[in-house]
Amino acid sequence: MKLSQYLLALVCPIILLSSCKKSTEEVTPDAKSTFSIEFENQVNGSPLVLNTTTYKNAKGEDFKINIFKYYVSNIKLSKADGTTYLIPESYFLIDASKAESTNITLKDVPTGDYTKIEYTIGVDYARNFAGAQTGALDPINGMFWTWNSGYIFVKLEGTSPQSTDTGNKLTFHIGGVTDPNNTIRTFATEINSANPLRVRTDGKPNMHFIVNAAALFTGKTDISFASLNFTMGGANSVIVANNYTNGLFRLDHIHN
Amino acid sequence: MLRKITVIAVLLLSTAMMYACSKNEDEITPEEKKITFSIPANFPAPAYNFEDNKLTNAGFALGKKLFYEARLSADKSVSCGSCHQQFAAFTQLDHKVSHGVNNCQGKRNTPPLVNLAWQKAFFWDGGVKNIETSPLNAITDACEMGTDIETIVAFLKSTAPYPDLFKQAFGSTEINSQLILKSITQFTAVLVSGNSKYDKVTRKEGGISFSAAELAGYNLFKEKCSSCHAEPFFTDFSYRSNGLDLVSTDEGRSHITGVSSDFGKFRVPTLRNIEYTSPYMHDGRFYSLDEVLEHYNSGVKSSANLDPQLKNGIPLSSTEKEQIKAFLKTLTDNEFIKNTLYSES
């Protein structure tokens, strides 16, 4: 009984002290908070509408999109002083047909001002060969090849009158992690230091990215659906990945 | 002589808890034989070691039940065990190529499932890289089980006793593809075949020795075959062409690597239990070992990527053929083929 009273007497001032200290500091060193990223799917500036809307590729060919899904993983944040934070187990599958998947939440991120974000478009090498996975990486999501271990990083399916495939189909399943057909790509973007990503205990900022599905077909190589309408890994997938490396994502704004 | 690695731990915890809940505390849980993953003394360290998939009796039992569950397939007629039959060392007897749902004939011969824990790549072309994900292709292939994971998960969630079995194996009635694949792997990775006469002779067990013909065959084998069919697995796990066709109809390894020098190459298959795994080769073209040996003796075709060691074939006299055959039969592991632990119960 006595002992616990002493303890209480000791602990009380400590709590008081520490709570005093907290209120004076804008960013507590070990504090963690949450931010979110919204991926707004578009095609050359117009909203992406599956199945019905007709778009044009860089060659002026019409096409429609039925499926558009992609992985964003290994999200890494950097501060102006060069320190970085890799968000553990950050694997997300964005699916244009599932509205809730286009807004992702990152929890337990150390508070601070971040001036750069980078992430893998796809899934890192190791996870492609790992054992059975769950969550975003569950093969149930239809993004895992069963005959050649590995994930489909970006999947776009649709139609184009120019496609020579049966049913004028477009099938772009981009993946593969071994040279010469490695399609793992990293996207990085600086964040304006005047309005950095401010992760705070009392604020949950939101980053807004525009995702341009048409970026698969232009950039380094303008693709004609007459000659390329089907790829599941291999050299043609590399052409597509090289196209979207820089063109797929654009940071539009941040709500702090 | 077996180094037993006990990867096993607490068993029937959940059952015990269930008993506790129902307050039948005086009821006694039945004793079970612990399932172990045993590494034969003449084998190296395995590639798969159950690190992220703790082997338990309940996990193994569930995996085995799923392995023999035909209701997982589209027309409820085909289980893993239909193509991977124990009496044939888990390959499909008498089928050149796999035979799946709706009487569909697949493209390749079913490989035996033995010593998979030592394999780093799976399938004839090495396309699959993890034992845990290797059942996925069979599940989804229109010609094998013809279904999808969503359907299987839904079936298992709504079919007794599966929710209970998942709870016993993994501590929760949650059923998802990861747990399905992990439990199946607790079954398939435990399929170790290392008790053939050859193994016992190698390990100098119980005074067993080769007959004169077997010994002569072993020596011939070491001279002519083991550069590819390397001991103790009787494969070096490499991809090669042994000259079956001038131009292969199946791309083989190059389907995965995209490299033309891999065209028509297939994984060197294990020869363990070869007596029971006929027909032979990736397309099951040979029904007997005599045909296989005659192929090496006189049938090797100079395919573009033919392995250089085989450019003159492997000339074999009829005595030599008989001796090699006698040796190959010492690779039969009856304890494995007849082990009731692996049988459908």
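Odds and ends about this structure:
For every residue, the table says whether it meets (1) more than 15 Å from the chain's Cα centre (by Cα); (2) within 25 Å of A:Asn229 (Cα to Cα); (3) in contact (Cβ under 8 Å) with a residue 60 or more places away in the chain; (4) crowded, with 21+ Cβ neighbours inside 10 Å.
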position: A:Ala130; (1), (2), (3), (4): yes, no, no, no
position: A:Ser149; (1), (2), (3), (4): yes, yes, no, yes
position: A:Thr159; (1), (2), (3), (4): yes, yes, yes, no
position: A:Thr164; (1), (2), (3), (4): yes, yes, yes, no
position: A:Gly167; (1), (2), (3), (4): yes, yes, no, no
position: A:Val177; (1), (2), (3), (4): yes, yes, no, yes
position: A:Ala188; (1), (2), (3), (4): no, no, yes, no
position: A:Asn206; (1), (2), (3), (4): no, no, yes, no
position: A:Leu216; (1), (2), (3), (4): yes, yes, yes, yes
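- Look at (1) at pLDDT below 95; (2) within 15 Å of B:Phe43 (Cα to Cα) and you find that B:Val201 fails only one, number (1).
- Verdict on B:Ile324 being buried (at least 20 other Cβ atoms within 10 Å of the Cβ) and more than 30 Å from A:Gly234 (Cα to Cα): yes
- Some residue of the stretch B:28-43 being farther than 21 Å from A:Trp147 by Cα, free of Cβ contacts under 8 Å to residues at least 24 places away in the same chain and within 18 Å of the chain's Cα centre (by Cα): no
Yes/no per residue for (1) among the β-branched types (Val, Ile, Thr); (2) touching a Phe, Trp or Tyr at 6+ places or on another chain (Cβ under 9 Å); (3) closer than 28 Å to A:Gly175 by Cα:
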site: B:Cys80; (1), (2), (3): no, yes, no
site: B:Gln85; (1), (2), (3): no, no, no
site: B:His95; (1), (2), (3): no, no, no
site: B:His99; (1), (2), (3): no, no, no
site: B:Asn103; (1), (2), (3): no, no, no
site: B:Arg108; (1), (2), (3): no, yes, yes
site: B:Trp118; (1), (2), (3): no, yes, yes
site: B:Thr133; (1), (2), (3): yes, yes, yes
site: B:Leu136; (1), (2), (3): no, yes, yes
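- Scanning the stretch A:222-251 for residues that are among the small types (Gly, Ala, Ser) and modelled with pLDDT under 95, we see that the one that is farthest from A:Trp147 (Cα to Cα) is A:Ala235.
- Considering B:Thr36, B:Thr29, the condition of being over 16 Å from B:Lys182 (Cβ atoms) and either touching a strand residue (DSSP E or B) at 6+ places or on another chain (Cβ under 7 Å) or at pLDDT 95 or above (or both) is satisfied by B:Thr36 alone.
- Identity of the residue in the stretch B:103-118, more than 22 Å from B:Ser183 (Cβ to Cβ) and away from chain A (no Cβ under 13 Å), that ends up surrounded by the fewest Cβ atoms within 10 Å (Cβ to Cβ): B:Asn103
- When the stretch A:231-256 is filtered for residues that are part of a loop (DSSP other than H, G, I, E, B) and under 21 Å from A:Phe68 (Cβ atoms), the ones remaining, listed by number, are A:Gly233, A:Gly234, A:Leu248.
- Qualifying residue in the stretch A:223-230 (condition: surrounded by fewer than 19 Cβ atoms within 10 Å (Cβ to Cβ), assigned to a strand (DSSP E or B), among the aromatic types (Phe, Trp, Tyr) and in contact (Cβ under 8 Å) with a residue 40 or more places away in the chain): yes
- Complete set of residues in the stretch A:99-139 that are closer than 26 Å to A:Val49 by Cα, away from chain B (no Cβ under 14 Å) and either assigned to a strand (DSSP E or B) or hydrophobic (A, V, I, L, M, F, W, C) (or both): A:Ala99, A:Asn103, A:Ile104, A:Thr105, A:Tyr119, A:Thr120, A:Ile121
- Cβ pairs under 9 Å, 6+ apart, first in the stretch B:245-259 and within 12 Å of chain A (Cβ to nearest Cβ) and farther than 22 Å from A:Asn182 by Cβ, second surrounded by 16 or more Cβ atoms within 10 Å (Cβ to Cβ) and not basic (Lys, Arg): none
- Top-ranked residue of the stretch A:43-97 - restricted to ones that are within 24 Å of A:Tyr151 (Cβ to Cβ) and part of a loop (DSSP other than H, G, I, E, B), ranked as farthest from the chain's Cα centre (by Cα): A:Leu50
- Taken together, the criteria place A:Asn192 among residues that are in a loop (DSSP other than H, G, I, E, B), away from chain B (no Cβ under 14 Å), over 25 Å from A:Phe63 (Cα atoms) and at pLDDT below 95.
- B:Arg267 vs. criteria under 24 Å from the mean Cα position of the chain (by Cα), over 27 Å from B:Phe43 (Cβ atoms) and outside the structural domain of B:Ala121 (by TED's automatic domain parsing): no
- Among the residues of the stretch B:208-244, the ones that are of a type in the set (Phe, Trp, Tyr) and either in contact with a Lys or Arg (Cβ under 6 Å, 6 or more places away or on another chain) or within 14 Å of another protein chain (Cβ to nearest Cβ) (or both) come to 2 in all.
- Taking the stretch B:119-184 as the region of interest, the helices (runs of 4 or more DSSP H) fully inside it that hold 2 or more residues being facing another protein chain (nearest Cβ under 9 Å) and either crowded, with 19+ Cβ neighbours inside 10 Å or touching a residue at least 40 places away in the same chain (Cβ under 8 Å) (or both) are B:135-140.
The values are calculated or read from the model by the stated rules, or taken from the named source; none is laboratory data. On a predicted model such as this, the values are computed, not experimentally measured, just so you know. Every residue, glycine among them, receives a Cβ derived from its backbone with ideal geometry; neighbour counts consider all protein chains shown.
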